[in-house]
Amino acid sequence: MLQTYRQLMPRATVTFKRAGEADCPARARVEGLPPDELVGGLDQLVRRMIVLAEDITFASPLRRGDKAVMANGDILTVEVCDADKRCVDGTVIAYELTAIG
């Protein structure tokens, strides 16, 4: 399963930042939300990100409030981090994030 994720991930790198810790570059797939999911106050500045867990070097998993710096310089803030959706036999393969910026 992990090998499949590695092959499917783009070579794009997002740099995660957290106060008091070294920057954490990670492979990620970043997409805008489809129009049918843009409800309840959400807008086009919302992004869904899938980030390989093995790339995260923070002392604790990704969490709300972490910053994601995109290759173009855009800075997004993690709002939701789901570690359970892409978990196999108790091992987190990838985080699914919702970030705004």
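The values are calculated or read from the model by the stated rules, or taken from the named source; none is laboratory data. Remember, predicted model here, so these are calculated numbers, not experimental data. All Cβ positions, even for glycine, are placed from backbone atoms using ideal geometry, and neighbour counts span all protein chains on display. Calculation scope for accessible area: heavy atoms of the full protein, side chains included, ligands and nucleic acids excluded. Shrake-Rupley method; radii C 1.70, N 1.55, O 1.52, S 1.80 Å.
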*asked:* So in region 5-21, with the set limited to residues that are open to solvent by less than 80 Å² (accessible area, probe 1.4 Å) and among the hydrophobic types (A, V, I, L, M, F, W, C), which one is modelled with the highest pLDDT?
replied: Phe16
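With the structure loaded, tell me whether Ala26 is at pLDDT below 90 and either closer than 15 Å to Ala12 by Cβ or outside any loop (DSSP other than H, G, I, E, B) (or both) or whether it fails that test.
Numbers: at pLDDT below 90: no; either closer than 15 Å to Ala12 by Cβ or outside any loop (DSSP other than H, G, I, E, B) (or both): yes.
When the stated conditions are applied, Ala26 does not pass them.
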*Would you check which residues across region 75-101 are surrounded by 14 or more Cβ atoms within 10 Å (Cβ to Cβ) and not in a strand (DSSP E or B) and list them?*
Ala83, Arg86, Ile93, Gly101
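Being of a type in the set (A, V, I, L, M, F, W, C), modelled with pLDDT under 70 and closer than 22 Å to Ile75 by Cα narrows it down to one of Leu2, Leu42, so name that one.
Of Leu2, Leu42, the one residue that is of a type in the set (A, V, I, L, M, F, W, C), modelled with pLDDT under 70 and closer than 22 Å to Ile75 by Cα is Leu42.
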